[in-house]
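Reviewing the structure listed below.
The values are calculated or read from the model by the stated rules, or taken from the named source; none is laboratory data. On a predicted model such as this, the values are computed, not experimentally measured, just so you know. Positions of Cβ are generated from backbone atoms using ideal geometry, with glycine treated the same way; all protein chains shown enter the neighbour counts.
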Amino acid sequence: MKVSKRTMSVFAGLLVLSVASAGVYWRISGNKAAAAESEQTGDEADADLPENSAGKAFNTDDAVAVEGAEVIQDTLVMSVSATGEAASRQQTVVKAQVGGQVRAVRALENQALGGGRVVIELDPTEYQLALEDALANQRNAQARYREATLTDDQITDARVRAQRDSLSRVKSGLEGAQIAVKRAEINLLRTRVVTPFAGRVANLMVVPGQQVSAGTDLFTVQAMDPIRLEVKVLEGEISFIAAGRTANVTFSAFPGEVFQGRIESINPIVEKDTRTARVRVTIPNGNGRILPGMYATAQLAARRFPDRLLIPRDAILERDIDRRKVIFVVEDGRAKWRYVTVGLENDKYVEIIEGDNTQMVKPGEIVLVKGHYTVQHDTPVRLVENVDKAEGARALR
């Protein structure tokens with residue numbers, strides 16, 4: 001039986017098509033099996049992750065930006081709070097000592113001047129003439145004196161010579177003339193009114209051209225550095241403070257800024273009406289920012305408790321209905337919840353002490369102090385210098 005070439009070509013084509021179809025089938029079957037195996041492997045891996053990981057491995061990009069501080073072991077300083085007003089350490093009203101017309105005012109209010117600087121000049125003409133007149137009288141008296149004692153050098157008795165000299169000075173009017181010259185010189189100097197000490201000029205009361213008399217108020221000088229703060233402390237707290245201890249002072253004019261001062265003195269008298277004693281605090285004020293009359297609150301260093309475990313007040317949170325205290329400690333990049341018992345505290349630090357069903361902290365551990373209000377136990381965190389600028393902040397650890 002003879003097979004044509006055309007038939008053989010058709011048969012060969014069908015054979016090739018069958019082989020290709022089989023290859024496609026096996027490839028599709030293999031891919032499905034691999035996908036099923038991969039899906040099963042993925043399910044098994046998810047089953048091994050912690051519940052709170054939401055099926056994803058830890059990703060540092062998802063960590064919450066927070067601020068932290070170290071636990072320290074140090075002295076806890078308890079303070080006494082008191083309020084008061086700033087005042088000049090030294091203040092005086094400068095008055096005119098001679099009368100006259102104001103020729104010039106050489107300073108402005110709030111201008112800082114050294115001691116002995118001219119602030120006001122009075123017309124000196126009258127006083128210059130008075131000095132010249134006194135000098136002329138003095139020269140006349142000196143001539144009369146020399147005439148009266150012309151031959152006294154021939155007297156050998158020293159006692160007699162001294163008596164004649166004294167008598168001649170009185171008779172000639174020399175002593176009175178010399179006194180008049182000194183008085184005229186002083187009055188002339190008083191036409192230039194100067195600062196009695198270094199300070200700032202305040203309350204300028206005169207202008208050029210104004211006529212003043214002796215005793216007229218001209219201006220005030222206030223020593224501004226250091227500034228003095230006078231506060232009232234309750235009699236029950238006086239025994240806790242002492243001169244020389246530190247004071248942290250805040251002014252209403254400078255919100256959030258703390259000035260460092262020192263207790264200068266404690267008045268030993270308790271006022272009957274208020275049952276308080278006056279305490280003076282000195283504060284450096286080289287730039288003159290603090291002005292007399294500014295209202296302030298002072299935290300005066302009082303009792304000291306050494307060797308205490310301390311954390312910042314901002315680290316303490318209350319999460320439960322029973323208001324138990326809780327903090328977050330950073331461990332391996334995660335926030336760990338700890339119940340704590342607090343002891344003494346001041347305006348900045350809280351003491352951590354042993355307690356029932358609570359944990360302690362150790363010096364050097366990092367507790368969260370900002371950005372932790374919504375953090376949960378085991379939340380990934382990253383410590384930054386400033387939470388508000390966390391995007392570009394430099395990591396601390």
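Scanning the range 192-230 for residues that are in a loop (DSSP other than H, G, I, E, B) and small (Gly, Ala, Ser), which turns out nearest to Ala247 (Cα to Cα)?
Checked the range 192-230; the qualifying residue nearest to Ala247 (Cα to Cα) is Ala198.
Scan the range 226-257 for residues that are exposed (fewer than 14 other Cβ atoms within 10 Å of the Cβ) and of a type in the set (Ser, Thr, Tyr) and jot them down.
Ser239, Ser252
Do we find a residue being at pLDDT 80 or above, assigned to a helix (DSSP H, G or I), of a type outside the set (A, V, I, L, M, F, W, C) and touching a Leu at 6+ places or on another chain (Cβ under 6 Å) anywhere in the range 114-127?
Yes, the range 114-127 contains a residue that is at pLDDT 80 or above, assigned to a helix (DSSP H, G or I), of a type outside the set (A, V, I, L, M, F, W, C) and touching a Leu at 6+ places or on another chain (Cβ under 6 Å).
Given the residues Ser265, Ser239, which is the only one that is among the small types (Gly, Ala, Ser) and either within 30 Å of Val118 (Cβ to Cβ) or touching a strand residue (DSSP E or B) at 6+ places or on another chain (Cβ under 7 Å) (or both)?
Ser265
Out of all the residues in the range 349-366, which are in contact with a Leu (Cβ under 9 Å, 6 or more places away or on another chain) and not aliphatic (A, V, I, L, M)?
If the condition is that a residue be in contact with a Leu (Cβ under 9 Å, 6 or more places away or on another chain) and not aliphatic (A, V, I, L, M), then Tyr349, Glu351, Lys362, Pro363 are the ones that fit.
For the range 272-302, name all the residues that are exposed (fewer than 15 other Cβ atoms within 10 Å of the Cβ) and within 26 Å of the chain's Cα centre (by Cα).
Once the filter is applied, which keeps residues that are exposed (fewer than 15 other Cβ atoms within 10 Å of the Cβ) and within 26 Å of the chain's Cα centre (by Cα), the range 272-302 yields Pro284, Gly286, Asn287, Gly288, Arg289, Gly293, Tyr295.
Need the failing condition index for Val98 against (1) in a loop (DSSP other than H, G, I, E, B); (2) aliphatic (A, V, I, L, M); (3) over 30 Å from Met224 (Cα atoms), just the number.
(3)
Enumerate the pairs (first residue in the range 367-392 and without any contact (Cβ under 8 Å) to a residue 12 or more places away in the chain; second residue anywhere and buried (at least 20 other Cβ atoms within 10 Å of the Cβ) and outside any loop (DSSP other than H, G, I, E, B)) with beta-carbon separation below 6 Å, excluding pairs fewer than 6 apart on the same chain, so at least 6 apart or on different chains.
Once the first residue is without any contact (Cβ under 8 Å) to a residue 12 or more places away in the chain and sits in the range 367-392, no partner that is buried (at least 20 other Cβ atoms within 10 Å of the Cβ) and outside any loop (DSSP other than H, G, I, E, B) comes close enough.
Conditions first: (1) modelled with pLDDT of 90 or more; (2) closer than 29 Å to Thr250 by Cβ; (3) part of a loop (DSSP other than H, G, I, E, B); (4) of a type in the set (Lys, Arg). Arg308 passes all but one, so which condition is the exception?
Unmet for Arg308, out of (1) modelled with pLDDT of 90 or more; (2) closer than 29 Å to Thr250 by Cβ; (3) part of a loop (DSSP other than H, G, I, E, B); (4) of a type in the set (Lys, Arg): (3).
Pick from Val212, Val194: which is touching a residue at least 12 places away in the same chain (Cβ under 8 Å), in contact with a strand residue (DSSP E or B) (Cβ under 8 Å, 6 or more places away or on another chain) and under 15 Å from Glu109 (Cα atoms)?
That would be Val194, the only listed residue that is touching a residue at least 12 places away in the same chain (Cβ under 8 Å), in contact with a strand residue (DSSP E or B) (Cβ under 8 Å, 6 or more places away or on another chain) and under 15 Å from Glu109 (Cα atoms).
Out of all the residues in the range 320-328, is one or more farther than 29 Å from Thr250 by Cβ, loosely packed, with under 13 Cβ neighbours inside 10 Å and at pLDDT 90 or above?
No; the residues of the range 320-328 include none that is farther than 29 Å from Thr250 by Cβ, loosely packed, with under 13 Cβ neighbours inside 10 Å and at pLDDT 90 or above.
Would you pick out the residues in the range 78-115 that are surrounded by fewer than 15 Cβ atoms within 10 Å (Cβ to Cβ) and at positive phi?
Asn110
Could you tell me which residue of the range 329-364 is modelled with the lowest pLDDT, considering only residues that are surrounded by fewer than 16 Cβ atoms within 10 Å (Cβ to Cβ), of a type in the set (A, V, I, L, M, F, W, C) and within 32 Å of the chain's Cα centre (by Cα)?
Leu344
Please find, within the range 205-224, the residue that is farthest from Gly100 (Cα to Cα) out of those that are crowded, with 18+ Cβ neighbours inside 10 Å and either hydroxyl-bearing (Ser, Thr, Tyr) or within 40 Å of the chain's Cα centre (by Cα) (or both).
Met224
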